[in-house]
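So the structure is just underneath, and the comments pick up after that.
The values are calculated or read from the model by the stated rules, or taken from the named source; none is laboratory data. Source: prediction; values computed, not measured. Glycine gets a Cβ as well: all are built from the backbone with ideal geometry, and neighbour counts include every protein chain shown. Note: accessible area is taken over every heavy atom of the protein model, side chains too, but ligands, DNA and RNA are not part of it. Shrake-Rupley method; radii C 1.70, N 1.55, O 1.52, S 1.80 Å.
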Amino acid sequence: MKANVFFLTFFTLTAFVTVNGQTSQQIEMEEGNAGSLFSKITEPETVTRLTVSGEINAVDFCQIRENLNKLEQIDLTNARIMAYKGKEGTHVFQEEEEVTDIEYRENELPEICLSGELEVVFPVSLKSIHSAALSWATVPKVDLSKTAMEIIPAYLFWYSYAKEVRIPTSVQEIQIMIFGHCENLKDVHVGWTTPPAKCSEKAFDSFAAENATLWVPAGTKSTYAGTDPWSKFGTITETTPTGLEALPVKPAISVREGKLFINAEKAQRLDIFNLQGQKVRTVSVSVGETVVVLAPGTYIVDGNKVVI
């Protein structure tokens with residue numbers, strides 16, 4: 001079982017575990033330190049899983065893309081992408097002597113931000129994605145359903161390797177040819193009971209949509225089948241509600257050998273309080289087991305009283 005041990009430093013809260021030469025690391029960036037993520041990563045050449053929370057920017061994405069060659073999974077659930085203007089972001093198409101300042105917006109996934117085959121958990125605060133953000137990366141499952149995305153930009157999945165795409169109900173506009181040449185596309189999941197009005201007539205112009213299944217809420221199949229361009233999907237299937245989707249999954253919390261163990265089914269942040277109601281720590285918890293070292297005492301963790 002994976003176990004992460006936390007060490008508290010002045011700038012970041014860092015956790016790491018190495019198993020069989022592979023490293024999983026968690027880094028919590030403090031306010032005002034966006035752009036310095038890479039300096040917090042231990043043995044970057046071994047990192048296969050990375051969890052980041054707090055403030056980051058396009059410089060951090062560039063460093064991840066260029067230096068974490070073994071990265072397989074990145075969890076940005078609680079990361080916040082800050083605006084950046086400069087020459088050290090993810091843009092790659094200018095000659096070095098001709099590089100000009102590039103501006104990146106807040107809460108936007110910058111262009112060409114990742115590379116290689118990856119499992120990506122996107123920030124919940126994400127509002128937009130540059131149309132070329134994933135053009136160097138192979139991301140089979142693109143789950144945007146927990147984000148605050150408002151626009152799906154044109155050509156987002158152009159020549160993408162995506163097999164499954166989940167679009168959040170916060171999206172209000174879908175632009176042209178988002179699945180162009182997306183040959184591996186199998187499933188697209190949406191949650192609107194009524195499709196968004198601002199959807200380009202050419203949004204799904206591609207044989208990719210014709211060969212994919214559109215998953216829609218129960219009772220809405222006829223609406224989508226009778227509405228262009230949604231009718232271009234080869235198959236439209238209604239999801240069957242189970243009543244379980246909205247139930248929160250609480251982490252299992254225990255104390256062993258004087259340490260706090262948190263076993264979670266999803267990445268999240270947990271606040272730790274003392275009995276006086278004062279917050280003493282915020283911990284970024286990854287999927288699996290996380291170990292937190294605390295001073296002896298009595299604490300409240302996710303509504304549970306624990307004694308160290």
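Relative to the current alpha-carbon distance between Ser231 and Glu201, full extension at 0.36 nm per residue lengthens the span by 9.7 nm.
Projected onto planes of every orientation and averaged, the convex hull of the alpha-carbon atoms in segment 57-168 covers 6.6 nm².
Between Lys146 and Asn304, the modelled labels are 1.9 nm apart [label points 7 Å from Cα along Cα→Cβ].
Farthest toward the dipole's positive end in the chain, which of Gly288, Ser39, Leu275, given Cβ charges of +1 (Lys, Arg) and -1 (Asp, Glu) about the Cα centre? Farthest towards the positive pole: Leu275. Comparing Gly116, Gly89, Gly219 in a Gaussian network model of the chain, where Cα atoms under 10 Å apart are tied by springs, the biggest mean-square fluctuation is seen for Gly219. In a reduced charge model with +1 at each Lys and Arg Cβ and -1 at each Asp and Glu Cβ, segment 53-186 shows a dipole moment near 620 debye about its Cα centre.
Placing +1 on each Lys and Arg Cβ and -1 on each Asp and Glu Cβ, with no other charges, gives the chain a dipole about its Cα centre of roughly 1280 debye.
Against the chain, whose longest principal axis comes from its Cα atoms, helix 58-67 is set at around 80 degrees. Of the accessible area of the chain, computed with a 1.4 Å probe over protein heavy atoms only, carbon and sulfur atoms account for 49 percent. Computed over segment 151-292, the quotient of the alpha carbon radius of gyration and 2.2 N^0.38 Å is 1.44. My understanding is that a pair violates if its Cα-Cα distance is over 19 Å; which of Lys198/Lys232; Lys202/Lys232; Lys146/Lys266; Lys146/Lys202; Lys266/Lys305 do that in this structure? Check vs 19 Å cut-off fails for Lys146/Lys202; Lys266/Lys305.
Three semi-axes describe the equivalent ellipsoid of the chain; taken as square roots of 5 times the Cα gyration tensor eigenvalues and ordered largest first, they are 36, 26, 16 Å. As a rough guide to protection, the peptides 166-175, 231-240, 273-282, 104-113 ranked by mean Cβ packing within 10 Å, highest first, stand as 104-113, 166-175, 231-240, 273-282. A simple packing score, the average count of other Cβ atoms within 10 Å per residue, orders the peptides 158-165, 38-45 as 158-165, 38-45, with the highest score first.
Phi angles of segment 282-291 translate, via the Karplus equation with coefficients 6.51, -1.76, 1.60 and θ = phi - 60°, into HN-Hα couplings of 10, 10, 8, 9, 8, 5, x, 9, 10, 10 Hz per residue; Gly and Pro are given as x. Helical runs (DSSP H, four residues minimum) scored at -39500 (n - 2.57) apiece and divided by the length of the chain put the mean residue ellipticity at 222 nm at -1500 deg cm²/dmol.
Here the Karplus relation 6.51 cos²θ - 1.76 cosθ + 1.60, evaluated at θ = phi - 60°, turns the backbone of segment 77-83 into coupling constants of 3, 9, 7, 10, 7, 8, 5 Hz, with x for every Gly and Pro.
With a Förster radius of 22 Å applied to the C-beta separation of Thr239 and Glu119, the computed FRET efficiency comes to 0.45. Take every pair of alpha-carbon atoms less than 8 Å apart whose residues are at least six positions apart; their mean separation over the length of the chain yields a relative contact order of 11 percent.
Rolling a 1.4 Å probe across the protein heavy atoms gives the chain an accessible surface of 50 Å² per residue.
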